[in-house]
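Structure, as structure tokens:
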Amino acid sequence: MNIEFRAIAKKWLLVSTGVVIAFSLAACAGQKAFQAGKELVEKDQIEDGLSKFREASKLDPQSIEFKTAYYQTRDRAISNFLEQGDRYAAAANQVEAEAQYRRVLNMDAVNDRARDGLRKLDMEMRHSQLMTEAESALESKNVELAKRKIAIVLTENPNNEAANFLQRSMA
């Protein structure tokens, strides 16, 4: 019985030592990924840094520090990207605005503010095209076509300055 107990104890010791070593290696790998993530974020490589934070959390799922760093960095980045997108949109830099909104959606696919930003950009592009067509129609003396194009714009955005100006100039 004593020999049997020793054999069981020896097996238990080997298994528990293996488990401790495995957890230690995972925690060490998690720490390395976490540190790499911090360095990337400091270099303003936000998406890559977030990827490393996710990797660290997978390697050490018990680490609150890794999860907290991920969510805080992601939320801060989303806020910054949305502000940048809004500034670019206000400055009529649609390419940069769209890029910022898409960065947000890559991190948070259901972000309403980014989706709204993209919808507004799309609407502004359509309105710009319609106004160009309305002006061309007026140059061709096709007043009815110009009125229809302007009406579409004003239906979607009654405050569109270009459409209101063109409509007033035709009166």
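The values are calculated or read from the model by the stated rules, or taken from the named source; none is laboratory data. All values reported here derive from a predicted model rather than from experimental measurement. Positions of Cβ are generated from backbone atoms using ideal geometry, with glycine treated the same way; all protein chains shown enter the neighbour counts. We work out accessible area using only protein heavy atoms, side chains counted, and drop any ligands, DNA or RNA first. Shrake-Rupley method; radii C 1.70, N 1.55, O 1.52, S 1.80 Å.
A few remarks follow.
- The stretch 144-171, residues that are of a type outside the set (Val, Ile, Thr) and open to solvent by 100 Å² or more (accessible area, probe 1.4 Å): GLU144, ARG148, ASN159, GLU161, PHE165, ARG168, ALA171
- The sole residue among ALA137, ALA114, ALA69 that is in contact with a helix residue (DSSP H, G or I) (Cβ under 8 Å, 6 or more places away or on another chain) and under 30 Å from MET170 (Cα atoms) is ALA137.
- Taken together, GLU96, GLU133 contain a single residue that is modelled with pLDDT of 95 or more, closer than 30 Å to TYR70 by Cα and out of contact with any Cys (no Cβ under 8 Å at 6 or more places or on another chain), which is GLU96.
- The number of residues in the stretch 54-76 being among the hydrophobic types (A, V, I, L, M, F, W, C) and surrounded by 20 or more Cβ atoms within 10 Å (Cβ to Cβ) comes to 3.
- Residue count for the stretch 112-139 satisfying the condition of being crowded, with 18+ Cβ neighbours inside 10 Å and either in contact (Cβ under 8 Å) with a residue 60 or more places away in the chain or small (Gly, Ala, Ser) (or both): 4.
- Test for SER51: is it under 11 Å from the mean Cα position of the chain (by Cα), over 30 Å from MET170 (Cβ atoms) and open to solvent by 30 Å² or more (accessible area, probe 1.4 Å): no
- When the stretch 50-80 is filtered for residues that are out of contact with any Phe, Trp or Tyr (no Cβ under 7 Å at 6 or more places or on another chain), under 21 Å from VAL110 (Cα atoms) and in contact (Cβ under 8 Å) with a residue 24 or more places away in the chain, the ones remaining, listed by number, are ARG74, ALA77, ILE78.
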